[in-house]
Amino acid sequence: QVQLVESGGGLVQAGGSLRLSCAASGRTFSRYDVGWFRQAPGKERAFVAAITWRGNSQYYRDSVKGRFTISRDNALNTVYLQMNSLKPEDTAVYYCAASFNGGSRDYTEYGYWGQGTQVTVSS
């Protein structure tokens, strides 16, 4: 059983940065692959980034490559999403999710979800 709690969201101007954190409970969290997803009003949940349990592979949606970085600290049971050069189109609720899926881009392959954190980027 894994419980996930996101934090770090907020309001930022275009071009600014935020770092999201996904803190997990459960001693086996270090064995889970973790993904970040986002959902804007009226849109489907979309893949943002994923990292494998060892942290040796990271995956990104094309629109965030070069701007976002996913990382993890298994000793702290935490996964991070560093977001730089933010754009208004990045505005959404951001969710982290965990599963054993090799860092899938498909949200249906994740079994554990956090409650989400709002990111708003003003122009």
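The values are calculated or read from the model by the stated rules, or taken from the named source; none is laboratory data. Note that the structure is a prediction, hence the values are computed from the model and not measured. Accessible surface is based on the protein model in full, side chains and every heavy atom, while ligands, DNA and RNA are left aside. Shrake-Rupley method; radii C 1.70, N 1.55, O 1.52, S 1.80 Å.
Karplus-based coupling profile of region 54-65, in residue order and whole Hz: 7, x, 8, 9, 10, 9, 9, 6, 4, 6, 10, 4, with θ = phi - 60° in 6.51 cos²θ - 1.76 cosθ + 1.60 and x standing for Gly or Pro. Across all directions, the shadow cast by the convex hull of region 21-107 built on its C-alpha atoms averages 5.5 square nanometres. Under the criterion of Cα pairs below 8 Å and six or more residues apart, the relative contact order for the chain equals 36 percent. Largest mean-square fluctuation among Tyr95, Tyr112, Tyr59, in a Gaussian network model of the chain whose springs join Cα atoms under 10 Å apart, belongs to Tyr112. Computed extension gain for Thr28 through Gln3, at 0.36 nm per residue and net of the alpha carbon distance, reaches 7.9 nm.
Full extension of the chain between Asp62 and Ala46 yields a length gain of 4.6 nm, computed as 0.36 nm times the residue separation minus the alpha carbon distance. Available extension along the chain between Gln13 and Asn84 is 24.5 nm, counting 0.36 nm per residue and deducting the alpha carbon span.
Heavy atoms of the protein chains alone define the surface here; on that basis the chain has 51 Å² accessible area per residue at 1.4 Å probe size.
Rolling a 1.4 Å probe over the protein heavy atoms of the chain, with every protein chain left in place, gives an accessible area that is 46 percent carbon and sulfur.
For region 9-75, relative contact order (Cα pairs under 8 Å, six or more residues apart, normalised by length) works out to 22 percent.
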